[in-house]
1. Among the listed residues D196, D222, which satisfies the condition of being in the same structural domain as W276 (by TED's automatic domain parsing) and farther than 24 Å from N262 by Cβ?
2. Would you pick out the residues in the range 136-153 that are closer than 12 Å to G96 by Cα and either surrounded by 22 or more Cβ atoms within 10 Å (Cβ to Cβ) or of a type in the set (A, V, I, L, M) (or both)?
3. Filter the helices (runs of 4 or more DSSP H) completely within the range 184-299 down to those with at least 2 residues that are without any contact (Cβ under 8 Å) to a residue 60 or more places away in the chain and at negative phi.
4. Within the range 65-114, how many residues are of a type in the set (A, V, I, L, M), buried (at least 23 other Cβ atoms within 10 Å of the Cβ) and closer than 23 Å to N179 by Cα?
5. Take the residues in the range 20-64 that are of a type in the set (S, T, N, Q) and surrounded by 20 or more Cβ atoms within 10 Å (Cβ to Cβ), then tell me which one is nearest to the chain's Cα centre (by Cα).
6. May I ask you to list pairs of residues, at least six apart or on different chains, whose Cβ atoms are under 6 Å apart, with the first in the range 60-85 being closer than 26 Å to C340 by Cβ and the second being basic (K, R) and assigned to a helix (DSSP H, G or I)?
7. Name the residue, out of Y287, Y243, that is in the same structural domain as L302 (by TED's automatic domain parsing) and surrounded by fewer than 17 Cβ atoms within 10 Å (Cβ to Cβ).
8. Six or more apart or on different chains, Cβ under 9 Å: which pairs go from a residue in the range 323-341 that's of a type in the set (K, R) to one that's modelled with pLDDT of 95 or more? Could you list them?
Amino acid sequence: MKWLPILAMTLPLLSHSSVQAKVHGCNIQDDQQLWSFYKTQFVLPEGRVVDNGNDSISHSESQGYGMLMAAYFSDHATFKSLWHWTKQTLQRREDGLFSWKWQPQPPHIPDPNNASDGDIFIAWALLKADKLWPEQQYGKEAKKIIDALSDSHIIQLDGEYALLPAQYGFDKSYSTVINPSYWVYPAFNDFARFDDSWKQLSQGGINILNKNQFGSFKLPSDWLEYRNDTWQPAQQFPAQFSYASYRIPLYLIWGGYNSVINDHYQSWISEYNRAWVNISNNQMANYAAPRGANAVATLVQLSQEKYKHRSALPHPTKADDYYSASLIIFSHIAFHERYCQ
């Protein structure tokens with residue numbers, strides 16, 4: 001489908017009153033092929049979601065992704081198995097957060113550190129499950145995780161509320177490193193009913209994005225560092241806008257926010273379709289972006305259209321690995337939650 005160029009004007013916050021659109025394709029929850037495909041490809045019977053593009057490991061992110069989809073498609077049996085495996089295998093006793101990685105070969109958990117975006121998705125999935133199956137007390141489990149994150153991972157940085165990527169390793173006396181793709185804006189909207197700092201964290205994330213637009217394409221680096229009162233690409237990571245950052249426009253739209261970053265992303269992917277770009281010298285990968293990245297770009301375009309047709313979004317195929325398929329399905333869910341509610 002050929003898209004028209006995106007309009008330059010953006011709004012800081014989208015709302016149903018301001019988006020007078022005709023929306024088509026709001027039957028997503030009847031579109032069971034999305035979830036059935038994902039379960040067949042990536043969910044093992046014991047409740048482990050396999051990242052087949054990364055040595056078949058599992059992680060708190062993959063478990064949170066699977067749990068959220070299971071709740072969205074009202075599959076309680078799969079949700080229970082996913083949560084059971086996650087809780088028994090990854091959850092840490094000391095704080096209720098989750099070790100970020102599980103690998104098939106021993107030691108199964110080589111690093112006990114957490115990843116805050118995985119924790120966020122798990123808690124958010126539990127909140128959604130609590131609305132569907134309140135007798136299971138999933139909300140209490142969610143609240144414990146949300147409180148632990150609020151107490152230990154939300155900091156103030158450069159006058160903004162910021163999110164630490166993990167419990168340790170990223171906040172030092174001389175610098176702090178963050179990952180803007182860890183800002184799961186739609187989850188923060190739900191968490192804000194417990195603690196107003198989550199709302200402030202959303203605004204902080206948008207402000208940090210506004211301060212970090214690099215190179216010809218005006219995109220942030222995957223990892224950002226605040227050092228000597230200045231933002232810069234984090235020194236210990238490649239200075240690239242890459243796989244992790246495809247999620248930034250996805251989460252912004254899903255959460256009801258717009259940003260010029262969305263337009264910059266859509267313009268870059270649509271013109272070049274590369275997997276990554278070095279934001280320091282504009283060098284790009286010599287291979288294409290995954291289909292999930294293009295699904296997010298299509299969602300950005302749909303956010304600007306008067307008539308929104310979900311049929312413009314692709315469905316995952318066996319050519320898509322775990323991450324690409326996740327982005328595609330989340331683009332469908334974001335479409336539904338943003339424009340069909």
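The values are calculated or read from the model by the stated rules, or taken from the named source; none is laboratory data. Note that the structure is a prediction, hence the values are computed from the model and not measured. As a convention, Cβ positions derive from the backbone with ideal geometry for all residues, glycine included, and neighbour counts pool all protein chains shown.
1. Values: D222 fails: farther than 24 Å from N262 by Cβ.
Criteria check complete, one pass: D196.
2. A142, I145, I146, A148, L149
3. Details: elements: 185-191, 197-211, 247-255, 260-272.
The qualifying helices (runs of 4 or more DSSP H) are 197-211, 260-272.
4. First pass over the range 65-114, keeping only residues of a type in the set (A, V, I, L, M): 67-71, 77, 82, 90, 97, 109.
Restricting the remaining residues to those that are buried (at least 23 other Cβ atoms within 10 Å of the Cβ) gives 67-71, 82, 90, 97.
Applying the additional criterion that residues be closer than 23 Å to N179 by Cα yields 67-68, 90, 97.
Within the range 65-114, residues that are of a type in the set (A, V, I, L, M), buried (at least 23 other Cβ atoms within 10 Å of the Cβ) and closer than 23 Å to N179 by Cα number 4.
5. We begin by selecting, within the range 20-64, every residue of a type in the set (S, T, N, Q); these are 20, 27, 29, 32-33, 36, 40-41, 52, 54, 56, 58, 60, 62-63.
Now restrict to residues that are surrounded by 20 or more Cβ atoms within 10 Å (Cβ to Cβ): 58, 60, 62-63.
Numbers: S58: 16, S60: 12, S62: 11, Q63: 13 Å.
Restricting to residues being of a type in the set (S, T, N, Q) and surrounded by 20 or more Cβ atoms within 10 Å (Cβ to Cβ), the top hit is S62.
6. Close Cβ pairs satisfying both conditions: A71/K128.
7. On inspection, the qualifying residue turns out to be Y287.
8. R338/P186; R338/I253; R338/W254; R338/G255; R338/G256; R338/L299; R338/S303
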